[in-house]
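Heads up, the thing below is written out as structure tokens.
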């Protein structure tokens, strides 16, 4: 008879939180967090250099169609293995997997640089793209699980805003940097620069010591959308208290998922956990709808509008600049403004503004009007993303952070090609304005959900520089 204890699904409840050193210090004044953030920003910069080099090299070696295929191939292992990556993160801990992923990708970049000097080929690009996609399947959920170990609940809003700001700036400057490097040294130089950025990320990760996870299941308080559903736990967890489900002490940097269950069973249990948690489930669905509504217009729709108005590539650049400026402003706003109550209503207001801004892009008669519309959309998207991410981090149990992060990453990354394809098809059949209106309506549905679902409407975060709400 099998005597192994079955894997338990923690009751859908508030995530336990832990005490962090200098928890009252704002995130932008935390040396540990700033080192981590700097390493990640440099890594994102290198990623953009690599993507430019990858697509340009594929065009030079074959054709634009081949470049599209190579870029699509890189996404396949990432999408296929993300959920398994989240389960592995929960078992072994995020920091060591982030370091391992960066070391692996750095080694791949160095090998690619050497091979590209000898004989670059499309086959080489495909193999490297697949290898990077495989590493991403571990890195993305690990990065999602890492933030709550570096920030206290009261620091999350500011920390997430700073994270969004640095990521936006790295994305903005990374692609032009790649364009400058390619004429100088081609693919080999781009790979060397990418490898160097991975080394910077590894050093930054090595220098930080994340807080120990809580090894116990989530508290058994049911989430019903009432007051109890909206209160994070205040039980402080010390490193000496960390233990696995059998009572054996664990490495403070390790994950908290029990090692007895198979990875497949852990993935299924993670899906049940998210599906059974009303607040986390609602946040995920709202984020999915917003992505569905925004990705198509911002990736395909801007080109369609510029083409129909005769604005050319310059018009696309103007609108992208507007969105980038608005996004930076939105994240800067969240560094100062840190709302703690009625967050669902705030997200709903941001979604309504974003909905109107998207439709305004479709009917803008001049590039300047389109710039203003995209800037407003980016401005509204900043607080929206920070608050939704803050709720996810605050209310996810430590034992499930990797899996919840992997599900959210899959929902975000998986919907991108679908949304772009649907946008192009709808614009061809129904017209650009109608396609924009249909996309904006999805964001309006997300706003309605924020108001209609009690757990989301009344959700709140711990206030900065104050203790978390009592149970």
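Numbers below:
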{"read-out": "Spin-label pair residue 127/residue 272, simplified geometry with 7 Å Cα→Cβ offset, distance in nm", "value": "4.2 nm"}
{"read-out": "Stretch gain in nm, segment residue 309-residue 203, where the contour uses 0.36 nm per residue and the Cα spacing is subtracted", "value": "33.3 nm"}
{"read-out": "The range 279-357: proportion of alpha-carbon pairs further apart than 20 angstrom, %", "value": "46 percent"}
{"read-out": "Cα centroid separation - the range 279-315 against the range 38-94, whole Å", "value": "21 Å"}
{"read-out": "Average silhouette area of the range 274-457, convex hull of alpha-carbon atoms, in square nanometres", "value": "10.2 nm²"}
{"read-out": "Packing-based order for 279-292, 112-125, 138-151, 363-376, using average beta carbon neighbours within 10 Å, highest first", "value": "138-151, 279-292, 363-376, 112-125"}
{"read-out": "Length-normalised contact order for the range 85-176 - Cα pairs under 8 Å, 6+ apart - percent", "value": "44 percent"}
{"read-out": "Simple spin-label estimate for residue 342 and residue 72 in nanometres, 7 Å along Cα-Cβ", "value": "4.7 nm"}
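Bear in mind these aren't lab numbers, they're just calculated from the coordinates by the rules spelled out. For clarity, every value in this text was computed on a predicted model and none was experimentally measured. All Cβ positions, even for glycine, are placed from backbone atoms using ideal geometry, and neighbour counts span all protein chains on display.
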